[in-house]
Amino acid sequence: MLDRLMHRCWLRGIRLSEAEGQLVVTPGSTKALDDELARELTARSAEVLQWLALHPNYFAARPLTDNEQALLVSPAPGAGQLRL
């Protein structure tokens with residue numbers, strides 16, 4: 001169950017880390033962290049800290065794969081078109 005919570009955070013661009021025994025939540029955008037998710041992270045912070053200790057690189061920045069890079073530079077079909 002905790003894996004799903006961590007994946008949800010990752011998909012939203014929320015990075016979790018530990019500092020001085022406290023859970024640090026860094027949302028990627030203002031809308032990434034809603035009240036429900038914030039409550040769940042607060043309630044499960046001890047579990048999350050243990051999980052982070054077992055998976056220290058989960059939220060670490062990593063190079064993009066070739067496929068991820070291609071998605072960033074390739075326009076979507078029809079992108080940039082204006083039809084009147």
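Limited to segment 14-41, what total is found for residues that are among the polar types (S, T, N, Q) and open to solvent by less than 100 Å² (accessible area, probe 1.4 Å)? Counting residues in segment 14-41 that are among the polar types (S, T, N, Q) and open to solvent by less than 100 Å² (accessible area, probe 1.4 Å) gives 3. Evaluating SER45 against the criteria (1) modelled with pLDDT of 95 or more; (2) hydroxyl-bearing (Ser, Thr, Tyr); (3) within 15 Å of TRP10 (Cβ to Cβ) leaves one unmet condition, (3).
Might you let me know whether segment 57-64 holds any residue that is surrounded by 10 or more Cβ atoms within 10 Å (Cβ to Cβ) and at pLDDT 85 or above? Yes, segment 57-64 has at least one match. Restricting to segment 43-57, count the residues that are of a type outside the set (Lys, Arg), over 24 Å from GLU68 (Cβ atoms) and in contact (Cβ under 8 Å) with a residue 12 or more places away in the chain. Residues in segment 43-57 being of a type outside the set (Lys, Arg), over 24 Å from GLU68 (Cβ atoms) and in contact (Cβ under 8 Å) with a residue 12 or more places away in the chain: 6 in total.
The values are calculated or read from the model by the stated rules, or taken from the named source; none is laboratory data. Being a predicted model, the structure only gives us computed values, none of them experimental. In this analysis, Cβ positions are derived from the backbone assuming ideal geometry, glycine residues included, and neighbour counts consider all displayed protein chains. Surface accessibility is based on the protein's heavy atoms, side chains included, excluding ligands, DNA and RNA. Shrake-Rupley method; radii C 1.70, N 1.55, O 1.52, S 1.80 Å.
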